[in-house]
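For reference, the structure is listed below as structure tokens.
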Amino acid sequence: MDSNLLLLQWGIVLLSSLILFAISPYAKSYTGFFRGSTKEKKEPGFFLLTASLVISWIFAKSITNAANLGMSFGIVGGLSYAVYYLSFFVAGYIIYRLRVQGKFKSIHHFLHTKFGQGAVLLFSLAIGFRLWNEVWSNVIVIGQYFGDKGSSEYFIAAGIFTLLTLVYSLKGGLRSSLLTDMIQMILFGVLLVSLLLFLIPAQDSVKDFLTSGEWKLSLGLNLFFAALIQIFSYPFHDPVMTDRGFITDPKTTLKSFIVAGIIGFIIIVLFSFVGIYAKLNGIEGGDAAVMVSQQFGVAMMLMMNFIMVTSAASTLDSTFSSASKLAVVDLSHSDEKKDSVTKGRIAMIATAFFGALPLFVSPEIIKATTISGTMVIGLAPIFVLWKMRVPTLSFYLSLSAGFLAGMTLLFGWLPESLYFSTGKYADLLAVNIYGMILCFVLYFFPLLFVPKKEKMEKVIAS
């Protein structure tokens, strides 16, 4: 890599980190560090919450995926990946009902009340893995912009970036994350518009982007329909999203989730234009975002780097704040104790350290330890049917069925003769269809052994 370009990229990382550290408030209180409140205990408002929801879900990994899917399938790929952002609508509505009708204060409060402490521990293990995955998956993307995988430049960049993000996260916890997310969202928007001003004029017309790809299962729609299935479970294993569902009043929260879903969907589709441009111009091999930016020279490469740094930092600081809440509030129940904030900061440091370790192992090991969207489809009946009274066993059976589906996908256990289509993601779609059916069947199964009178009471209650 050109030394001048490398120097400029380092300048972007260091300058952005210093600015974010400077604007991050120092959180001393429990409510500020874990709930994002001001010193006066004022809750986050609509615009702050919406911006934080959007940018914390625009991962460096996700926009890389959007570009690569655009390169593979055209606009069909971009739209298919954007479907995951409809998760905001599902999560927003269900969390609103959990709070207003169920009077629950958190996801963990709901699970503990309905299914007991064992369910809380198992669920926490799943989301703990999710948070761990978020660290290395975003840091890896940043490292690749500074050097080849395995190179000293790659490891140094990944390590320094993680450390810089950790520093300002330690300063303010969730309050810091919310405020920096607002700045990062504005910056990301400006950069995305600037990026499109490079791309679109370079093509004959916008129509070329919008008409690219074919509407066939084998050419992208397998992912589209698999994503439609997963949005009923996927958001609930992401504490970065669900934690933000309980920090301000229910109506404001619901509005923020709806608007965040719309904005996130649009952003992912627009970013897929990067990959579509590569597809239309015969650019192949490697990451679409990297290759297209190289076609346009230093200015666009720096812009792309800035976008990746912005999105990765916003996801990382949110991950650190959610990890600290999981360890100190959800599991330890250290409500407003003097040492709660200190324990939260220790949890952040541990998350950063262990989250960065996968950088030093092979991709195959990483793949085997990833908690995928398929593995958590068992959460769908648990949250979609949250009011329905079922035995505790229903929770474990549904979650186990989802895990089995994930393992089936990971190791290719489902015969191709049972697929519904061909092409890429045919296995993903088939496993999710069969898996989701199994999850609901097993969720209801224990009701067969409930006495008739008690079963009628459960139905009436639901």
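Just so you know, all these numbers are worked out from the coordinates, no wet-lab data involved. Here the structure is a predicted model, which is why all the values come from computation and not from measurement. With ideal geometry, Cβ positions are generated from the backbone for all residues, glycine too; neighbour counts draw on all protein chains shown.
Quick one: check the C-alpha center-to-center distance for region 232-279 versus region 146-200, whole angstrom.
18
Under 17 Å from a point placed 7 Å out from the Cα of D249 along the Cα-to-Cβ direction: which residues of region 6-38 have their backbone N that close?
Counting only backbone N, you get 37-38.
Each residue of region 351-356 in order: what ³J(HN,Hα) in whole Hz does its phi give by Karplus 6.51 cos²θ - 1.76 cosθ + 1.60, θ = phi - 60°, with x for Gly and Pro?
Result, rounded to whole Hz: 5, 5, 5, 6, x, 7.
Counting each DSSP H run of 4 or more residues in the chain as -39500 (n - 2.57), what helix-only mean residue ellipticity at 222 nm follows after dividing by all residues, to the nearest 500 deg cm²/dmol? Don't skip to the answer; put the middle values down first.
Values: 21 runs with 330 residues, N = 462.
Counting only the DSSP helices, I get -23500 deg cm²/dmol.
Show me, for region 98-109, the HN-Hα J-couplings you get by feeding each phi into the Karplus relation (A = 6.51, B = -1.76, C = 1.60, θ = phi - 60°), rounded to Hz, glycine and proline as x.
4, 7, 6, 8, x, 6, 7, 9, 6, 4, 5, 4
Show me, for region 12-19, the HN-Hα J-couplings you get by feeding each phi into the Karplus relation (A = 6.51, B = -1.76, C = 1.60, θ = phi - 60°), rounded to Hz, glycine and proline as x.
3J(HN,Hα) across region 12-19, in whole Hz: 4, 4, 5, 5, 5, 5, 5, 5.
May I ask which of K103/K387; K42/K251; K61/K424; K207/K424; K42/K114 have a Cα-Cα span longer than 21 Å here?
In this structure, K207/K424; K42/K114 exceed 21 Å between Cα atoms.
Compute the Cα gyration tensor for region 372-462, then decide on rounded, prolate or oblate, letting a ≥ b ≥ c be the square roots of its eigenvalues: rounded whenever a/c is under 1.5, prolate when a/b is larger than b/c in the other cases, and oblate in all that remain. Don't skip to the answer; put the middle values down first.
Numbers: a/c = 2.85, a/b = 2.71, b/c = 1.05.
Cα axes put region 372-462 in the prolate bin.
Report the full-extension gain for the segment Y434 to A202: residue separation times 0.36 nm, less the Cα-Cα distance, to one decimal in nm.
Numbers: separation 232, 0.36 × 232 = 83.52 nm, distance 4.40 nm.
Full extension from Y434 to A202 adds 79.1 nm.
Quickly work out the L14-to-Q294 label distance, labels modelled 7 Å from Cα along the C-beta direction, and quote it in nm with one decimal.
2.6
Assign one of three labels to the chain, namely rounded, prolate or oblate, based on the Cα gyration tensor with a ≥ b ≥ c the square roots of its eigenvalues; rounded applies when a/c is under 1.5, prolate when it is not and a/b is larger than b/c, and oblate otherwise. Intermediate values should be presented prior to the final figure.
On the way: a/c = 1.77, a/b = 1.21, b/c = 1.47.
Cα axes put the chain in the oblate bin.
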